[in-house]
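Encoded as structure tokens, the structure appears first; notes follow it.
The values are calculated or read from the model by the stated rules, or taken from the named source; none is laboratory data. Note that the structure is a prediction, hence the values are computed from the model and not measured. Heads up: the accessible areas ignore ligands, DNA and RNA and are worked out on the full protein's heavy atoms, side chains in. Shrake-Rupley method; radii C 1.70, N 1.55, O 1.52, S 1.80 Å.
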Amino acid sequence: VSASLDGTARVWDAASGLPVGVPLRHELGVMTASFSPDSTRVATASLDHTARLWDAVSGQAIGEPMRHGAALNGVRFSPDGTRVATASHDKTARIWDIATGKELSNIELDRTGSPITFNSEKPLKIHATLYGESLTEIRDNNAVRALSFCPSGNCLATASLDGTARIWDVFSGKEQARMAHDSGIWSVAFSPDGTHLATASWDGTTRIWNASSGGEDIRLLCD
């Protein structure tokens, strides 16, 4: 699934490269799109202040839009596919129940600047999804550009503008592994089985790392 500033997201067949179904249309640009764990649904986050759920095959919208007070820049399904988390320039992260479309939690983020670059002078905070209480604080001395939970939810990967990605224990806040690029990292994601971590950097490479050892397995050079 791809997201575009032309106001659409599209689902593609990975083997043929052909589009599947119709474009998923927002009123303004779509910043990101994410598959549900079972791949039957797609969630999109848009500059039009909404996130939406879609049928991945037909492209039909599911339920009502999930609304924020400003543009959205992030959306992810929970590992069990029952909830969606959204992040917005209104400085909140919100958790939504997929079955009912209702908002379960509204977390006001204690940080400054862009909603996708965390304040380097304050720790990252991990919150309980139902009630919004802070569970753990993780301190990185550099601005964090992106976050990704491992499938089990027990670890968290951070991508930093200093060119490092780190994996942290969610409950203790301790660093488990560290990986380095030659320039700032802007995206990070775990493999579905949690054994590998993918990072994308301004150094022109995407790299695949062993999530346990932090060793580099694959390096892809991007033109």
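Overview of values
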| item | result |
| --- | --- |
| Karplus-derived HN-Hα couplings along segment 42-47 (A = 6.51, B = -1.76, C = 1.60, θ = phi - 60°), whole Hz, x at Gly and Pro | 10, 10, 10, 10, 10, 5 |
| Backbone HN-Hα couplings from phi across segment 51-56 [Karplus 6.51/-1.76/1.60, Hz, Gly and Pro as x] | 10, 9, 9, 9, 6, 5 |
| Amide H contacts under 5 Å for residue 187, placed H, 5+ residues apart | 200 |
| Alpha carbon centroid spacing (whole Å) that separates segment 139-203 from segment 48-74 | 26 |
| Solvent exposure ordering (accessible area, 1.4 Å, most first) of 28, 197 | 28, 197 |
| Segment 31-113, accessible area per residue, ligands and nucleic acids excluded (1.4 Å, Å²) | 47 |
| Per-residue SASA entry for residue 20, accessible area with 1.4 Å probe, Å² rounded to 10 | 50 |
| Cα shape, segment 22-67, gyration tensor, a/c 1.5 rule | prolate |
| Å³ per residue enclosed by the Cα convex hull of segment 1-100 | 85 |
| By accessible area with a 1.4 Å probe, ligands and nucleic acids excluded, highest first: order of 5, 18, 72 | 5, 18, 72 |
| Residue 41 long-range amide H proximity, modeled H, under 5 Å | 36, 56 |
